[in-house]
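Okay, so here's the structure we're looking at.
The values are calculated or read from the model by the stated rules, or taken from the named source; none is laboratory data. Here the structure is a predicted model, which is why all the values come from computation and not from measurement. Backbone-built Cβ (ideal geometry, glycine too); neighbour counts: all protein chains shown.
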Amino acid sequence: METSNENLQERYGSVPPKKSKKGLYIILGIVALLLISAGIFWKTTTKNEEELPVETATPAYEQIFSVAEYDQIPDHYKQFIYDFMEYNGYLDGTYFLTKIPDRAKSVYAFGDFTDDDNDEDDLAVLFENNDYTSSMLVIFNHKGEGLFIKKYTGDLPIINSFKVGSKIYENEAKLTPASCGGLIVKTDYRKEAIVYDKKSKKFNIHYQYTEDDIRSMNEPEEYYEEGYDEAATEVASEAAVEPSIINSINEDSY
């Protein structure tokens, strides 16, 4: 006897429909994406914390680089500056970076100042003294090691860098290609080039002639020849021959 569907449903109950796994897959996919995103965020945050200097959050660090023009200095070079000032006790304000935005862009420069065949630049920085009239030039290599220091008493110069081969005055009053990249330091009354010399193994300072200097050197020198004044000579001769009143008195007294 054939059993109808209605009898089977009454006897065994209705058979539930088979559940779809599509929703489960969607949920698992969302969870996986969230976990991946969280992992990338953690890795990026950790990497940034390792690369950024620890001192960037300190008031002293923020005070040094308080001018927007210093944002162009990469963080690891800023660390060199901070470490130098901290080591030498300059965080008390003895030396500082200028707070004048227009001047700030001219107190640091990058370049290959020792021609060391390294792709990373050296850094030159002008620190201002708290007397507001003097300054100190420091050159760091790409590792943050000090290479050169020069103090300018009573001067607040500005600097810019030049590349090897640039025309400058070195050992004579004639423009020649620079043997190495270097710095131009300008004051109110003087301009000089600081260049590393591989022969002497030191930085040399070369005066940079102005147009007036060159012009004056090329002009012929004028010499004043003292003329022979015959009239004055004759008068002197007569005075020597004629006896003076004093001599006459002396002669008569004998």
Notebook entry, point to check: Which of the residues belonging to segment 170-201 are in contact with a strand residue (DSSP E or B) (Cβ under 8 Å, 6 or more places away or on another chain) and among the aliphatic types (A, V, I, L, M)?
Noted result: Leu175, Ala178, Leu183, Ile184, Val185, Ala193, Ile194, Val195
Check: Which one is surrounded by the fewest Cβ atoms within 10 Å (Cβ to Cβ), of the residues in segment 146-173 that are touching a Phe, Trp or Tyr at 6+ places or on another chain (Cβ under 9 Å) and over 27 Å from Ile100 (Cα atoms)?
Finding: Ala173
Checklist line | Residues being assigned to a helix (DSSP H, G or I) and farther than 16 Å from Leu156 by Cβ - total across segment 74-112 | finding: 16
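Filter segment 68-95 for residues that are of a type in the set (A, V, I, L, M, F, W, C) and under 15 Å from Thr58 (Cβ atoms) and give the result. Step through it out loud before you land on a result.
Just the residues of segment 68-95 that are of a type in the set (A, V, I, L, M, F, W, C), to begin with: 68, 73, 80-81, 84-85, 91.
Once the filter is applied, which keeps residues that are of a type in the set (A, V, I, L, M, F, W, C) and under 15 Å from Thr58 (Cβ atoms), segment 68-95 yields Ile81, Met85, Leu91.
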Note to self: For the list (1) closer than 20 Å to Lys105 by Cα; (2) modelled with pLDDT under 95, I need the number of the one condition that Thr133 fails.
What the structure shows: (2)
Next item on the list: Working only within segment 192-203, note down all residues that are without any contact (Cβ under 8 Å) to a residue 60 or more places away in the chain and exposed (fewer than 15 other Cβ atoms within 10 Å of the Cβ).
Entry: Asp197, Lys199, Ser200, Lys201, Lys202
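Which members of segment 59-73 meet the condition of being more than 15 Å from Glu120 (Cα to Cα), of a type outside the set (Ser, Thr, Tyr) and outside any helix (DSSP H, G or I)? Quick ask: steps written out before the conclusion?
If we filter segment 59-73 for residues that are more than 15 Å from Glu120 (Cα to Cα), which is where we start, we get 59-72.
Among the residues that remain, those that are also of a type outside the set (Ser, Thr, Tyr) are: 59-60, 62-65, 67-69, 71-72.
Within segment 59-73, Phe65, Val67 qualify.
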Notebook entry, point to check: Pick from segment 205-214 the residues that are part of a loop (DSSP other than H, G, I, E, B) and not aromatic (Phe, Trp, Tyr): which of them is modelled with the lowest pLDDT?
Noted result: Thr210
Next item on the list: State the number of residues belonging to segment 106-122 that are out of contact with any Phe, Trp or Tyr (no Cβ under 9 Å at 6 or more places or on another chain) and either modelled with pLDDT of 95 or more or crowded, with 19+ Cβ neighbours inside 10 Å (or both).
Entry: 3
Next item on the list: Show the residue pairs that are 6+ apart or on different chains and have beta-carbon atoms under 9 Å apart, the first residue being within segment 143-154 and under 15 Å from Ile194 (Cα atoms), the second being small (Gly, Ala, Ser).
Entry: Phe148/Ala124; Lys151/Ser134; Lys151/Ser135; Tyr152/Ser134; Tyr152/Ser135
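Of the residues in segment 74-103, how many are among the hydrophobic types (A, V, I, L, M, F, W, C) and either touching a residue at least 60 places away in the same chain (Cβ under 8 Å) or crowded, with 19+ Cβ neighbours inside 10 Å (or both)? Can you show your working first?
Looking only at segment 74-103, we keep the residues that are among the hydrophobic types (A, V, I, L, M, F, W, C), and these are 80-81, 84-85, 91, 96-97, 100.
Of the ones still in play, those that are also either touching a residue at least 60 places away in the same chain (Cβ under 8 Å) or crowded, with 19+ Cβ neighbours inside 10 Å (or both) are 80-81, 84-85, 97.
Residues in segment 74-103 being among the hydrophobic types (A, V, I, L, M, F, W, C) and either touching a residue at least 60 places away in the same chain (Cβ under 8 Å) or crowded, with 19+ Cβ neighbours inside 10 Å (or both): 5 in total.
Let's see how each residue does on (1) farther than 29 Å from Gly165 by Cβ; (2) of a type in the set (Phe, Trp, Tyr):
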{"site": "Lys78", "(1), (2)": "yes, no"}
{"site": "Asp83", "(1), (2)": "yes, no"}
{"site": "Tyr87", "(1), (2)": "yes, yes"}
{"site": "Ser106", "(1), (2)": "no, no"}
{"site": "Ala109", "(1), (2)": "no, no"}
Margin query: Quick test of your reading of the structure: Lys167 fulfils all but one of (1) modelled with pLDDT of 95 or more; (2) out of contact with any Pro (no Cβ under 7 Å at 6 or more places or on another chain); (3) over 25 Å from Gln72 (Cβ atoms). Name the failing condition by number.
Written below: (2)
Next item on the list: Please specify each residue of segment 108-126 satisfying the condition of being within 13 Å of the chain's Cα centre (by Cα) and either of a type in the set (Asp, Glu) or farther than 30 Å from Lys199 by Cβ (or both).
Entry: Asp112, Asp121, Asp122
Next item on the list: Output the qualifying pairs, or none if there are none: Cβ atoms under 9 angstrom, residues six or more apart or on different chains, first residue in segment 112-132 and closer than 26 Å to Tyr95 by Cα, second residue of a type in the set (Asp, Glu) and part of a strand (DSSP E or B).
Entry: Asp112/Asp122; Phe113/Asp122; Thr114/Asp122
